[in-house]
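Everything on this sheet refers to the single structure shown next.
The values are calculated or read from the model by the stated rules, or taken from the named source; none is laboratory data. Predicted model only: the values in this text are computed from it and were never measured. Heads up, the Cβs are rebuilt from the backbone with ideal geometry, glycines too, and the neighbour counts pull from every protein chain shown. To get the accessible areas, we keep the full protein, side chains included, count just its heavy atoms, and leave off ligands, DNA and RNA. Shrake-Rupley method; radii C 1.70, N 1.55, O 1.52, S 1.80 Å.
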Amino acid sequence: MSRRGAPVSRTRVVALLSVAVGCLTAPPLVAQSTGAPPTTRGGAPQVVIPTAPTAAQEAASRALGRRVSNEEIGALLTRSGLSEAQVRVRLEQAGYDGRLAEPFFTAMRGDRAALQRPADSTFVAALLASELVSADALQPADATAATPGSASRASDPRTAAERAADATVFGKALFADRGAAFDPVRSGPVDGAYRLGPGDVVQVVLTGDVEATHTVDVRPDGAVLLPRLGQVGVSGLTVEAARTTLRTVAQRSYDGIAAGRVRLDLAVTRVRTIAVLVVGEVEHPGTYAVSGGGTVLHALGRAGGPTVRGSFRAVELRRGGALVATIDLYDLLLRGDLASDKRLEQGDVIHVPLAARTVGMVGAFRRPSTFELRSGERFADVLRFAGGFSVDAAATRVQVDRVLPVAQRSAGRTRVLLDVPLPAGLDTVPLLDGDVVTAFHLDEVRRNHVAIAGEVHMPGRYELTAGLTVGDLVTRADGATPWALTDRVKVVRTVPRTGRAESFSLDLARADDRAFRLQEYDSVSVLDGRLLYPGGTITVSGAVHAPRRVAHAAGLTLVDAIDVAGGLTDEAQVVEVSRRPRATQYTDTAAVVLRVPVAAVRARAGEAQRFVLERDDQVQVRASPGYRALAPVTVSGLFTYPGTYFLQRDSERLSELVARAGGLQPTAYRPSFRLIRGGRVVAVDLDRALAQDAQANIGLLAGDQVRVGPDPGVVYVTGAVERQVAVPYRRGLDLQAYLAAAGGVSQAGDANKLLIELPSGEVLRPRRGRFVIDQHPTITGGSTITVLTRREKTPGQWSQQLTTIAQVATSLVSLVLAYVAVTQND
């Protein structure tokens, strides 16, 4: 049903469904099922396919006489490139409920339930009310050509040369986007020159003594049906002419119109859709449905524009078999002039012929590209198209790369280069189809300059003026930095006509050196004294509050360095300074170690105050062995006094810690006791430890954690079993009973490979007899039984093993036969 309750006709459904691809220029989207969450690429919205039947699907199927799937409708939306918000806006502009497209977008918001809601029956008409593309849009996906951007470059049927040319042909960029960039007006208002036709929706408004509004369609017979006025033919009339006609007809029914007491106005609220054929050298030829307000440019945009071979200068508009107009797109591209662009009518044919003559302009032009020339146009015209020469163009010549015409070719002579002097020769060489004109850039060599680098405030290149000296150049560079070595400034000078250079070392304190005259391309370097005389560091570590590296400075004493490192801690006992030897001859001494009493350092007097450090000295403050950090142990669970305890001595045992924690609470499950050290479980039998068993009653370390919990009352069965379960623990229940409670060993499991993890963390492997495993291993409440997966061997592995066995057997037989033969000979 339409929005006014009328049935949806086959023609209207086909047309309106086609509108979904009306903006094919937008970035392509990927239609996907609701089985996976939609993703985005480059921020583009994505269409989802409802799994439940929709009213849109049913209405389209009835109208077209074949099944139309949600996938096809989703593909149309995908190719349109419209987001949900854009579809909603266009639906509302067309007078429909903007929420009708929700089933194809809601999964992006996580609204899975909305996907199952059938769309309103007006969805088919409403969704596509913005613009038509073609009645063929509902063909299966593999029956139509891919839209631009829907395939990767790897699937582009054009050659690399064609793609490169496509990127440089002047005007191609205008048609890079086939979507909203070429949307004509779909809903009013339109200009007064627009001609009405069947499918338009107009609104007639009466004001004054009579207040009334009538919104009506222009019927297929070209008339509108209005109350009291009856049928009035408006097809083929401009909006202004139709307004005048209606006023004339209305005078017979409304006396006040002639007297001016009643005013009648006419407006177009929705523009009809017309079908036009775009053929010739276009990217996507075919029948396209465009708005009745569309022009040749709109239809060309829908078709992707001319190909690299197509003409931008002679686009033909044919109507009724006759040539109506020839459009030169360069008027728009170069001057923004749309005067030659013509409005389309139903059945129009747009033909793009081959370009007659193209010339490539490359190099130093302001707009390098490939341009099309019409008959009579010369170099001056194509130079104007290219925007003229760029600023850095060499003004001496251009070069024409030409494929010779067939009549001028000879053996080995098919291509030539022509040098055309500027400006005299520009009009002496006619340009032929396929010519490539190159304008050369100026070279990159800069003359009349010198360079200064290093320790000056403004390093860089400077103009070489007459009589420029080294002193002048340093002054221009805002002078030397404080750490510059001005007594050894280096000047490197290239030797003309060779690849050699010569170097000069200058002292800027001397007047003669400051007056050293510079030449073109000289390079001046002011060295950094920090590299020649590095400051070095002092490293302070050990029993200080803030161990660090301290920058060395002349006169820095041991007390100064320790002060910078935050001073000595309480446990500091010995201060050692390690210094690298600086002997003139080799010795086996690796370091000179000097000791300073801590008391002198704390008193900041005596030897410590006089001890001057040298560059790269290592200061180490040794801590007293009597100072020790506390060693915490965490006790948690069902102990009487859980919490953090500190070890009293190195040999403190587990049983002692349990006693300090008040022992276990009555509900504590002893087998669940665990000792965790370094993140790993240490399997310990608590009962044996409390009984002073030497192996179980282990010594504790800082950071250990001990815990005990309640009796879980279950045995966990996991791994390669049919079900992962927790089975109530019963004393005496054997291993097979627990496995049976989990549904038995799965097909992938190996019944002979089992692991039993006790609550304490101890892992057991059931003992295996001659034929079966022990069915009564140690199992307590809280244990975990894990069935391991069998390692399956592929047929290839079996055949390889059989081959190996056969080879070994053959070798053994050969050895036996050889041994027998040797024995008989003896």
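Karplus couplings for segment 197-209 from phi (6.51 cos²θ - 1.76 cosθ + 1.60, θ = phi - 60°), rounded to Hz, Gly and Pro as x?
Per-residue couplings from phi come out as x, x, x, 5, 10, 10, 10, 9, 10, 10, 10, x, 5 Hz.
On a 1.4 Å probe surface of the protein chains, which of Glu502, Glu576 comes out largest in accessible area, and what is the full order?
I get Glu502, Glu576, largest accessible area first.
What are the ³J(HN,Hα) values, in whole Hz, obtained from phi via the Karplus relation 6.51 cos²θ - 1.76 cosθ + 1.60 with θ = phi - 60°, for each residue of segment 373-381 in sequence order, with x given for Gly and Pro?
10, 8, 4, x, 7, 10, 4, 4, 6
Would you mind getting me the FRET efficiency between Ala193 and Asp255? Use the beta-carbon distance for r and R0 = 35 Å, nearest 0.05.
Efficiency computed from Cβ-Cβ geometry: 0.65.
Report the label-to-label distance for Leu630 and Ala511 in nanometres (one decimal), using points 7 Å from each Cα along the Cα→Cβ vector.
7.8
If you place +1 on the Cβ of every Lys and Arg and -1 on the Cβ of every Asp and Glu, how big does the dipole about the Cα centre of segment 417-492 come out, in debye to the nearest 20?
580
Short version: ³J(HN,Hα) in whole Hz for each residue of segment 583-594, in order, from phi by Karplus 6.51 cos²θ - 1.76 cosθ + 1.60 (θ = phi - 60°), x for Gly and Pro, what are they?
Karplus-based 3J(HN,Hα) across segment 583-594 equals 7, 7, 10, 5, 9, 8, 6, 8, 7, 9, 10, 10 Hz.
Relative to the present Cα-Cα distance, how much length would full extension add between Thr213 and Thr414 at 0.36 nm per residue of separation?
Net length gain for the segment: 65.0 nm.
Assuming R0 = 56 Å, what is the FRET efficiency of Gln231 and Ser375, from their Cβ-Cβ distance, to the nearest 0.05?
Efficiency for this residue pair is about 0.60.
Along the Cα→Cβ direction, 7 angstrom out, place labels at Ala809 and Arg790. What is the inter-label distance in nm?
2.4
Using R₀ = 45 Å, calculate the FRET efficiency as 1/(1 + (r/R₀)^6) where r is the Cβ-Cβ separation of Leu426 and Thr494; round to 0.05.
0.70
If you count, for each residue, the other Cβ atoms within 10 Å and average over each peptide, how do 555-561, 479-485, 587-593 line up from highest to lowest?
555-561, 479-485, 587-593
Can you pull the accessible area of Tyr533 for me, 1.4 Å probe, Å² to the nearest 10?
Around 140 Å² of this residue is reachable by solvent.
Assuming 0.36 nm per residue, please report the length gained on full extension of the stretch Phe504 to Ala591 beyond their Cα-Cα distance.
27.2 nm
Enumerate the aspartates and glutamates that Lys753 could reach by cross-link, defined here as Cα to Cα under 12 Å, with residues fewer than 8 away along the same chain left out.
Asp774
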